[in-house]
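The values are calculated or read from the model by the stated rules, or taken from the named source; none is laboratory data. This structure is a prediction, so every number in the text was calculated from the model and none was measured. Backbone-built Cβ (ideal geometry, glycine too); neighbour counts: all protein chains shown.
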Amino acid sequence: MPSPRYDYLVTGAGAAGLSLVYHLNRAGLTDRRILLLDRAPKTGDDRTWCFWEAGVGAFEPIVFRSWERIAFYGEGFSGTWAIAPYRYKMIRSVDFYRFMSAWLDDQPNIERELAEVAHVESDGDEAVVRTRDGRVYRGAWAFNSILFDPPARQPDYHFLLQHFLGWVIRTPQRSFDPQVATLMDFRVAQFDDARFVYVLPLDEHSALVEYTVFSPALLPREEYGRHLASYIAEQLHIATFDVQHEEFGVIPMTDAPFPAGQGGRVINIGTAGGCTKPSTGYTFLRIQRRSQRIAQALKATGHPGAYDSPGRSRYALFDSVLLNVLESGRAQGRRVFTDLFSRNPPQRVLRFLDEDTTPAEDLRIMSSVDIPAFVEATADEGRRRLVRAWGRRGRLKPGS
Ligand SMILES: Cc1cc2nc3c(=O)[nH]c(=O)nc-3n(C[C@H](O)[C@H](O)[C@H](O)COP(=O)(O)OP(=O)(O)OC[C@H]3O[C@@H](n4cnc5c(N)ncnc54)[C@H](O)[C@@H]3O)c2cc1C
């Protein structure tokens with residue numbers, strides 16, 4: 001029996017797969033036959049996405065909370081600011097999955113299948129998806145968000161992990177200011193890593209409090225809870241609370257390239273497609289932007305466009321330099337972020353992390369951090385890039 005032919009196969013129905021099909025149809029591609037595959041029904045509250053954004057975003061109706069003011073606590077410095085035109089926003093995955101499921105019910109061109117995907121590959125001018133139970137699907141293009149091969153440590157690239165435990169806590173007394181989100185609170189022992197807590201108040205009695213570490217390896221699981229409990233007691237001065245929800249996550253922070261796809265007809269998206277910003281772990285908004293670009297390119301040309309590798313812009317160098325500084329310990333993470341927030345308006349820092357600054361603003365950001373440490377790290381990055389370029393040239397030489 002011939003396998004069914006689709007226009008687009010989308011493997012993985014998490015943030016990236018769901019966002020992509022949403023943007024495809026919103027771009028008017030409702031005449032394309034799309035198949036969305038995931039091994040799980042995606043109904044749970046498995047993560048919370050936070051990001052800053054100016055104006056109204058694609059998923060504004062399901063923004064669970066947003067804050068116009070942020071706070072930062074660093075080394076000998078703290079501040080609270082209004083961040084207009086930005087707001088810091090929170091979307092709970094449970095709301096996102098529910099919203100998408102209801103929306104998908106009204107999209108006759110998109111089919112959903114529950115299946116464990118084994119392979120996604122190019123076969124001539126087609127993409128082919130094979131499932132573990134032997135099903136085969138063919139399409140003109142496949143967009144894959146399954147991380148089949150998580151990035152491994154490689155010489156000459158940086159590799160840190162951002163790992164965190166978050167609790168939604170509820171307190172009997174009024175404990176939080178719902179107007180202010182604490183983006184980073186470094187008033188915790190650093191243990192030679194970069195460690196901070198963020199506190200996102202849901203109302204006066206409850207907040208998501210998350211203990212976050214940037215380091216090469218995970219901690220024993222019980223340590224996260226211990227550090228989180230001490231922070232709640234010592235910095236928030238809260239003695240009694242209930243934990244209503246828990247989330248644990250690990251996000252790779254690496255400048256190693258993620259493969260663009262599996263051959264010409266398979267395009268990787270989401271974390272698997274390199275959408276995670278190496279120096280911060282923020283991914284959700286980058287997924288939205290990439291999905292919109294793919295949808296617009298497909299609409300305009302029928303082709304998803306060139307792989308817009310995050311590794312080519314000047315921000316890729318800034319990411320590598322920051323990872324270099326953090327990984328080598330040339331400067332402590334707490335010091336770097338304190339310098340950034342104490343010497344720049346927060347909007348400039350957010351714009352920079354959002355890769356939206358002018359070269360003049362970049363210079364101001366660069367002159368606000370520990371210059372000798374960053375000059376050394378930049379020189380080291382220049383050397384690493386030369387070594388990689390020579391390596392590539394060597395591999396490309398005829399007969400080599
Ligand atoms: C706990 C947590 C919190 C995060 N918080 C933030 C945040 O606040 N802000 C931010 O910007 N980023 C955040 N991130 C990073 C990033 O936004 C998320 O990881 C995001 O979900 C990545 O989207 P994705 O589609 O690439 O991966 P996922 O959302 O993980 O989707 C991948 C999908 O593939 C499916 N799948 C996997 N293997 C198979 C298989 N073999 N067959 C079929 N299906 C398969 C999975 O079931 C899943 O649905 C967070 C990450 C985690 C883990």
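Looking at Val188, Val197, which is the one that is under 26 Å from Ser342 (Cβ atoms), touching a helix residue (DSSP H, G or I) at 6+ places or on another chain (Cβ under 9 Å) and part of a loop (DSSP other than H, G, I, E, B)? Working first, answer last.
Details: Val197 fails: part of a loop (DSSP other than H, G, I, E, B).
After applying the criteria, what remains is Val188.
Considering the range 155-165 alone, what residues qualify as being within 16 Å of the ligand (Cβ to nearest atom) and either among the aliphatic types (A, V, I, L, M) or surrounded by fewer than 17 Cβ atoms within 10 Å (Cβ to Cβ) (or both)? Before you say what the answer is, go through the steps one by one.
Step one: list which residues in the range 155-165 are within 16 Å of the ligand (Cβ to nearest atom), which gives 160-165.
Within the range 155-165, Leu160, Leu161, Leu165 qualify.
Take the range 12-43 and flag every residue that is assigned to a helix (DSSP H, G or I) and more than 7 Å from the ligand (Cβ to nearest atom).
Looking only at the range 12-43, we keep the residues that are assigned to a helix (DSSP H, G or I), and these are 15-26.
Matches in the range 12-43: Leu18, Ser19, Leu20, Val21, Tyr22, His23, Leu24, Asn25, Arg26.
Does the range 233-266 hold any residues that are touching a strand residue (DSSP E or B) at 6+ places or on another chain (Cβ under 7 Å), in a loop (DSSP other than H, G, I, E, B) and of a type in the set (D, E, K, R), and which are they?
Arg265
Can you spot a residue in the range 281-293 that is of a type in the set (Gly, Ala, Ser), at pLDDT 95 or above and in a helix (DSSP H, G or I)?
Taking the range 281-293 as the starting set, the residues that turn out to be of a type in the set (Gly, Ala, Ser) are 281, 291.
Of the ones still in play, those that are also at pLDDT 95 or above are 291.
Adding the requirement that they be in a helix (DSSP H, G or I) leaves 291.
Yes, the range 281-293 has at least one match.
Would it be correct to say that Val168 is more than 30 Å from Asp380 (Cβ to Cβ), of a type in the set (Val, Ile, Thr) and either within 14 Å of the ligand (Cβ to nearest atom) or not in a strand (DSSP E or B) (or both)?
Values: more than 30 Å from Asp380 (Cβ to Cβ): yes; of a type in the set (Val, Ile, Thr): yes; either within 14 Å of the ligand (Cβ to nearest atom) or not in a strand (DSSP E or B) (or both): yes.
Yes.
Can you confirm whether the range 143-151 contains a residue that is in the same structural domain as Asn25 (by TED's automatic domain parsing), outside any loop (DSSP other than H, G, I, E, B) and at pLDDT 95 or above?
Checked against the condition, which is being in the same structural domain as Asn25 (by TED's automatic domain parsing), outside any loop (DSSP other than H, G, I, E, B) and at pLDDT 95 or above, the range 143-151 yields at least one hit.
Output the residues belonging to the range 16-34 that are of a type in the set (A, V, I, L, M, F, W, C) and buried (at least 22 other Cβ atoms within 10 Å of the Cβ).
Ala16, Leu18, Leu20, Val21, Leu24, Ile34, listed by residue number.
Could you grab the pairs with beta carbons closer than 7 Å, sequence gap of 6+ or different chains, first residue in the range 224-250 and assigned by TED's automatic domain parsing to the domain that holds Tyr211, second one in a loop (DSSP other than H, G, I, E, B) and within 16 Å of the ligand (Cβ to nearest atom)?
Pairs found: His245/Asp45; Glu247/Arg47; Gly249/Arg47; Val250/Leu218.
For the condition surrounded by fewer than 19 Cβ atoms within 10 Å (Cβ to Cβ) and either modelled with pLDDT under 95 or of a type outside the set (A, V, I, L, M, F, W, C) (or both), what is the one hit in Ser320, Ser367?
Details: Ser320 fails: surrounded by fewer than 19 Cβ atoms within 10 Å (Cβ to Cβ).
Every option except Ser367 fails the conditions.
Anything in the range 88-107 that is in contact (Cβ under 8 Å) with a residue 24 or more places away in the chain and part of a loop (DSSP other than H, G, I, E, B)? List them, or say none. Talk me through it step by step, then tell me what you get.
Going residue by residue through the range 88-107, those that are in contact (Cβ under 8 Å) with a residue 24 or more places away in the chain are 88-101, 103-104, 107.
Gln107, the sole residue that qualifies.
Condition check ((1) within 13 Å of the ligand (Cβ to nearest atom); (2) in contact with a strand residue (DSSP E or B) (Cβ under 9 Å, 6 or more places away or on another chain)) across all residues:
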{"position": "Asn268", "(1), (2)": "yes, yes"}
{"position": "Phe284", "(1), (2)": "yes, yes"}
{"position": "Arg289", "(1), (2)": "yes, no"}
{"position": "Lys299", "(1), (2)": "no, no"}
{"position": "Ala306", "(1), (2)": "no, no"}
{"position": "Tyr315", "(1), (2)": "no, no"}
{"position": "Ser342", "(1), (2)": "no, yes"}
{"position": "Pro345", "(1), (2)": "no, yes"}
{"position": "Arg364", "(1), (2)": "no, no"}
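Restricting to the range 350-360, name every residue that is touching a Lys or Arg at 6+ places or on another chain (Cβ under 6 Å) and assigned to a helix (DSSP H, G or I). Quick ask: steps written out before the conclusion?
As a first pass, look at the range 350-360 and keep what is touching a Lys or Arg at 6+ places or on another chain (Cβ under 6 Å): 357.
Matches in the range 350-360: none.
Do we find a residue being surrounded by 17 or more Cβ atoms within 10 Å (Cβ to Cβ), among the charged types (D, E, K, R), in a loop (DSSP other than H, G, I, E, B) and touching a helix residue (DSSP H, G or I) at 6+ places or on another chain (Cβ under 7 Å) anywhere in the range 44-57?
There is at least one residue in the range 44-57 that is surrounded by 17 or more Cβ atoms within 10 Å (Cβ to Cβ), among the charged types (D, E, K, R), in a loop (DSSP other than H, G, I, E, B) and touching a helix residue (DSSP H, G or I) at 6+ places or on another chain (Cβ under 7 Å).
Identify, from the list Ala140, Ala152, the residue that is among the small types (Gly, Ala, Ser), surrounded by fewer than 16 Cβ atoms within 10 Å (Cβ to Cβ) and more than 13 Å from the ligand (Cβ to nearest atom). Even if it seems obvious, please write down each step before you answer.
Details: Ala140 fails: surrounded by fewer than 16 Cβ atoms within 10 Å (Cβ to Cβ).
From the options Ala140, Ala152, the qualifying one is Ala152.
With respect to Asp105, determine if the residue is more than 21 Å from the chain's Cα centre (by Cα) and not small (Gly, Ala, Ser). Outline the logic, then answer.
On the way: more than 21 Å from the chain's Cα centre (by Cα): yes; not small (Gly, Ala, Ser): yes.
In short, yes.
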